[in-house]
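**Student:** Dumping the structure here so I can ask a few things about it.
The values are calculated or read from the model by the stated rules, or taken from the named source; none is laboratory data. Just so we're clear, the structure is a prediction, and the values are computed from it rather than from any experiment. Surface accessibility is based on the protein's heavy atoms, side chains included, excluding ligands, DNA and RNA. Shrake-Rupley method; radii C 1.70, N 1.55, O 1.52, S 1.80 Å.
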2 protein chains.
Amino acid sequence: MNRSFTAKRISFILCIMVLLASAGLHAQQKPNIIVFLVDDMGWMDTSLPFGDKVMPLNKRFHTPNMERLATEGMKFTHAYAAPVCTPSRVSFMSGMNAAHHRVTNWTSVLKDEPSDFDHEKNPLKTPDWNINGMSPVKGISQTVYATPLAELLKEAGYFTIHVGKAHWAAAGTPGASPYNMGFLVNVAGNVAGMPQSYLSEDNYGNIPGKTTYYAVQNMTEYYGTHTFLTEALTREALKTLDHPIRTHQPFFLYMAHYAVHLPVNADDRFFDKYLKAGLDSAQAKYASMIEGMDKSLGDIMDFLKQKNIDQNTIILFMSDNGGNSISPAKGDKLHTGNLPLREGKGSVYEGGIREPMIVKWPGVVKPGSVTDQPVIIEDYFPSLLEMAGVKNPKVVQPVDGKTFVPILKGNSNVYPDRIFTWHYPNKWKKKDLHDIDYLSAIRQGDWKLVYRMLTKKLELYNLKTDIGEQHDLAAQYPDKVKKLAALLGEQFRSWGALMPSYKAGGQQVPWPDKL
Amino acid sequence: MNRSFTAKRISFILCIMVLLASAGLHAQQKPNIIVFLVDDMGWMDTSLPFGDKVMPLNKRFHTPNMERLATEGMKFTHAYAAPVCTPSRVSFMSGMNAAHHRVTNWTSVLKDEPSDFDHEKNPLKTPDWNINGMSPVKGISQTVYATPLAELLKEAGYFTIHVGKAHWAAAGTPGASPYNMGFLVNVAGNVAGMPQSYLSEDNYGNIPGKTTYYAVQNMTEYYGTHTFLTEALTREALKTLDHPIRTHQPFFLYMAHYAVHLPVNADDRFFDKYLKAGLDSAQAKYASMIEGMDKSLGDIMDFLKQKNIDQNTIILFMSDNGGNSISPAKGDKLHTGNLPLREGKGSVYEGGIREPMIVKWPGVVKPGSVTDQPVIIEDYFPSLLEMAGVKNPKVVQPVDGKTFVPILKGNSNVYPDRIFTWHYPNKWKKKDLHDIDYLSAIRQGDWKLVYRMLTKKLELYNLKTDIGEQHDLAAQYPDKVKKLAALLGEQFRSWGALMPSYKAGGQQVPWPDKL
């Protein structure tokens, strides 16, 4: 080979390399990520069974797009969140367990206002939890300072879009705005944890003199247009995707529906169908909201296909806590809305924390697969970073979540001895709710220990044989109780978890392993 | 030269070309563009004199950053807008004159609600103007369908940001949302033409039970933080600039302050200073709002410098109409707030349409230059497209504006015979305002003809010798009147401008050249 030929070849190879690098600048390498987060959706609020068989409640609902997503992705039958919304949302954005980030209850709209109810006869004092939520800025009182997941994705080149409910923090703090939480675009997200109304006929609550803090902002375009909020938010989401698609940027869409939180409004595209099916008006309204949410999912899936990006887009379906089982507005006998699961939103029993979860990841997840490996909401943080190829992110907080990407890749028994914990040292409603207020729990394998702080009692359940948590086996397995209580106590102490205290005397309620 | 050497050279040149192209993908070519649009700011509401000398009102205000911008850019002493806000804003975004786009008055919050006041004794019927504003979508009733300027800039690679007041259209129509008008980011813009309050202590109006359609949305982060709205919007704007700066994308920031529209709230960072200077409380409040706005301009200029992008950023300062001269809340004797200019907001007399305008464009505009060449708000459309290097944009509407880039480049007498027109076939307030309601005007050179539709009278003024429009020369120059009336009539007819009609009889008020 003569010298000039070699030079020519080197030159040519260089050219090809530069061309490839140049093309790489425009070609999208990273997968798009859509988190489809439903609010207050129960584990049974779908025609897609997450249990081992179709249950009576499954038959009430019609969610064809969830079924479709499940056939294209992996269904998680043991996915968990915190029992109420802000703790889950903060766990999602921070990667921390609620006992660790200390935003253990939902945040009020206004700063420094606790959301816990109390009354004279309540013997316990709720601890000083982070009532102002999460803050991406240091030094904000009663907040957890943490690097938001969306910020890291933005820094990794993602076009980050927030649509719907934010509710990470109280007004007057940085966490109130999705623009401070790493999002480039925000539609309708702020400090409100629910919409004043889903109806455009009500302007989503924006009616002079009647407007509360829960009136949905940013949606004037739809006032009076007969567009249910779920539909309006979906259209907004698809609209914002145009830009990253056109400019070949990977996007992260946080599609956080206000649905299916209260108020229960009829989505009249579907309402009649459920009345005809024999549901009462309240039940039919709720079922119509579920189907409106499901249509949103389908519309997004259709849009991705139409834009020819469905094969490079990960969709993660999740709910932020269990279905509300104490609202008469939903039409069911109270405490039965998540059967066979016990209780609902607010509770550490399975009805409050077990979530419908599906992940579609073309080329990675086996279509139609199912896993019973447990995961929890804070796992989204490391999982999404891994999906986005973010290595060694700069994060100010310790991350408790573990990536579920290995599970998605089909590995079994990924975290064999992992413990999962829930902590609700709070009081949810005025009325005392003994299956909700002041409860903690730990799960390891099939075993779950529930700690009732009010009565200082421990209950033990085997979830494999008793999904409804009806048979307390504590007396039968004292060693198991002792072991789980120790694990829970150690975990909580290491995180600096907050415990309630006694109004009389002031001392702290004992740790579960120090009774 | 042997063949292999030639091949090597071609190979090498190709490499260099590819490298340059590849670098070009990251290097920012286009200038950033910031439009700093103030609401209802009068021509005299600044310590920077736009007249030929410092006037008494100039002495009342303190706007050091406007002065600074003028020393770094070009001051336009004959810049015009429409007499009220929505018409100006639609002209800006569409490039059309208000008589042509037919959004001749401000749009109501709600769809299909005219904003004109009427009473029994008013002999005129306001025409069917486009009461729903501008629409980027075809077929929306009573809107002008037009391609928004921001959309074209976005398509040209600009990261487009809307902060503040939008007010192009009514609720329930696409133009209500900046996301439909070409913006990637929206903070606080919707259908409201004013803020309910500038005070974070009032949550900018968001107080349950007291909230109106004018409560500012998207600003929960600042509730109760003692942050004047102007300051909060500035911080939001700077925050949104981080991303395009970091990713080397050119940006278009439409910084559309709600200030200094009513309500007149004290910006207490500056209020005392004006009280001490001898202003009454109302005047001091208004002056404090002006200085708050000026601080915002300064903060943005400082930020650009700090980020080292000031030399590649064009700043255009403008107001959308004249100062409000009929509000007692501003503390002045009515109809005197823009002296020596006649009248104010709503009027086609100079007080209603002459605007403070400054353009800084490093490397193009001569620092400290001044031009007396007239320009008008619809000129921003072609001018910004030229600045952004957009050639032959796809635009569905005819564009009336003319680029002022040649003026910025120092050319004199760029459009020697150009005519400028204003059209307000509307009624602004309940009380009859004879210098505001139902007026049209045309300017050519130093001459201005005012057409009073109510009385069918024509007035002629020489702006060079009579800036205050105090001496009607119509009787003295009948040929000039005839010529200008013909130009105005022809122009209006060619645009299909709408004229009021008589309630009695129903016929149209005659064109100015058909009296």
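**Student:** Residues of the range A:141-189 losing 40 Å² or more of accessible surface, assembly versus chain alone, probe 1.4 Å, please list them.
**Tutor:** Residues passing the criterion (a loss of at least 40 Å², heavy atoms only) are A:Gly172, A:Tyr179, A:Asn180, A:Leu184.
**Student:** Something else: Taking a cut-off of 12 Å between Cα atoms, list the aspartates and glutamates near B:Lys514, but don't count ones fewer than 8 places away on the same chain.
**Tutor:** Counting by Cα, and skipping residues close in sequence, B:Lys514 has these aspartates and glutamates nearby: B:Glu490.
**Student:** In whole Hz and in residue order, list the ³J(HN,Hα) couplings for the range A:497-514 that follow from phi through the Karplus curve 6.51 cos²θ - 1.76 cosθ + 1.60, θ = phi - 60°; x for Gly and Pro.
**Tutor:** Values per residue, Gly and Pro as x: 4, 9, 10, x, 10, 8, 4, 7, x, x, 6, 6, 4, x, 4, x, 9, 10 Hz.
**Student:** Another question, then. Roughly how many Å² is the accessible area per residue of the range B:305-443, as a whole number, for a 1.4 Å probe?
**Tutor:** 37
**Student:** Please report the antiparallel percentage of DSSP beta bridges with both residues in chain B, rounded to the nearest 5.
**Tutor:** Bridges in chain B are about 50 percent antiparallel.
**Student:** While we're looking at this one, here's another question. Can you send over the carbon and sulfur percentage of the accessible area for chain B, probe radius 1.4 Å, protein chains only?
**Tutor:** Carbon-and-sulfur percentage of accessible area, whole number: 54.
**Student:** Then there is this: Classify the range A:378-418: rounded, prolate or oblate, from the alpha-carbon gyration tensor (a ≥ b ≥ c, eigenvalue square roots; a/c under 1.5 rounded; otherwise prolate if a/b is larger than b/c)?
**Tutor:** oblate
**Student:** Let me check the size of chain B from its C-alpha atoms; what are the radius of gyration and Dmax in Å?
**Tutor:** For chain B, the Cα radius of gyration and maximum Cα-Cα distance read 23.5, 95 Å.
**Student:** When the C-alpha atoms of the range A:182-317 are aligned to their principal axes, what extent does each axis show, in angstrom, from largest down?
**Tutor:** Principal-axis extents of the range A:182-317 (Cα, largest first): 46, 38, 23 Å.
**Student:** Mind listing the long-range amide H neighbours of A:Tyr258? Cut-off is under 5 Å, sequence gap 5 or more, other chains count too, H placed in the peptide plane at 1.01 Å from N.
**Tutor:** Hits under the 5 Å cutoff: A:Lys165.
**Student:** I'm checking a number: the convex hull volume of the Cα atoms of the range B:140-188, normalised per residue, in Å³. What is it?
**Tutor:** 67
**Student:** Next up: Step through the residues of the range A:409-417 one at a time and calculate ³J(HN,Hα) from phi using the Karplus curve (6.51 cos²θ - 1.76 cosθ + 1.60, θ = phi - 60°), rounding each to whole Hz and writing x for Gly and Pro.
**Tutor:** Result, ordered by residue: 7, x, 6, 9, 6, 5, 10, x, 9 Hz.
**Student:** Express in % the proportion of alpha carbon pairs of the range B:127-215 at distances exceeding 22 Å.
**Tutor:** Of all Cα-Cα pairs in the range B:127-215, 35 percent lie more than 22 Å apart.
**Student:** Using only Cα atoms, what Kirkwood radius does the range A:96-148 have, in angstroms?
**Tutor:** It works out to 11.9 Å.
**Student:** Determine the principal axes of the Cα atoms in the protein assembly as shown, then give the extent along each, sorted from largest to smallest and rounded to whole angstroms.
**Tutor:** Sorted largest first, the three principal extents are 111, 92, 60 Å.
**Student:** Ignoring everything but the protein chains, give the 1.4 Å probe accessible area of A:Leu454 in square angstrom, nearest 10.
**Tutor:** The accessible area comes out at roughly 60 Å².
**Student:** Let me ask something else. Given H placed 1.01 Å from N in the peptide plane, which residues other than close sequence neighbours of B:Phe251 have an amide H under 5 Å from its amide H?
**Tutor:** Excluding prolines and chain starts, which carry no amide H, the hits are B:Asn32, B:Ile33, B:Phe159.
**Student:** In whole Å, how far is the Cα centre of the range B:321-346 from that of the range A:40-68?
**Tutor:** 64
**Student:** Let me ask something else. Could you state the accessible area per residue of the range A:46-162 in Å², with a 1.4 Å probe and every protein chain left in place?
**Tutor:** On a per-residue basis, the range A:46-162 sits at 33 Å².
**Student:** Identify all aspartates and glutamates with a Cα-Cα distance to A:Lys111 below 13 Å; exclude those on the same chain that are fewer than 8 residues away in sequence.
**Tutor:** The qualifying aspartates and glutamates are B:Glu201, B:Glu221.
**Student:** Taking amide H atoms as placed 1.01 Å from N in the peptide plane, list the residues 5 or more away in sequence, or in a different chain, whose amide H sits under 5 Å from that of A:Ala171.
**Tutor:** Amide H neighbours of A:Ala171, under 5 Å, 5+ apart: A:Leu110, A:Lys111.
**Student:** Counting protein heavy atoms only and a 1.4 angstrom probe, how many square angstrom of accessible surface do chains A and B bury in total, to the nearest 100?
**Tutor:** Separately minus together, A and B give about 4100 Å² buried.
**Student:** Shifting gears a bit: Filter chain B for me: DSSP H helices, axial length by Cα at least 30 angstrom, mean Kyte-Doolittle hydropathy not below 0.0. List them by residue number.
**Tutor:** Sorted by number, the helices that extend far enough and score high enough are B:3-26.
**Student:** Explain nothing, just compute: Karplus ³J(HN,Hα) = 6.51 cos²θ - 1.76 cosθ + 1.60, θ = phi - 60°, for every residue of the range B:98-107 in order, whole Hz, x for Gly and Pro.
**Tutor:** Result, rounded to whole Hz: 4, 5, 8, 7, 6, 8, 8, 9, 6, 8.
**Student:** Which of the pairs B:Lys330/B:Lys429; B:Lys295/B:Lys409; A:Lys59/A:Lys333 have their Cα atoms more than 22 Å apart in this structure?
**Tutor:** Cα-Cα > 22 Å for B:Lys295/B:Lys409; rest within.
**Student:** Right, next: Residues of the range B:200-229 losing 50 Å² or more of accessible surface, assembly versus chain alone, probe 1.4 Å, please list them.
**Tutor:** B:Pro208, B:Thr211, B:Tyr213, B:Gln217, B:Asn218, B:Thr220, B:Glu221, B:Tyr223
**Student:** Once the convex hull of the alpha carbons of the range B:327-411 is built, what does its volume come to per residue, in cubic angstrom?
**Tutor:** Given the Cα convex hull of the range B:327-411, per-residue volume reads 152 Å³.
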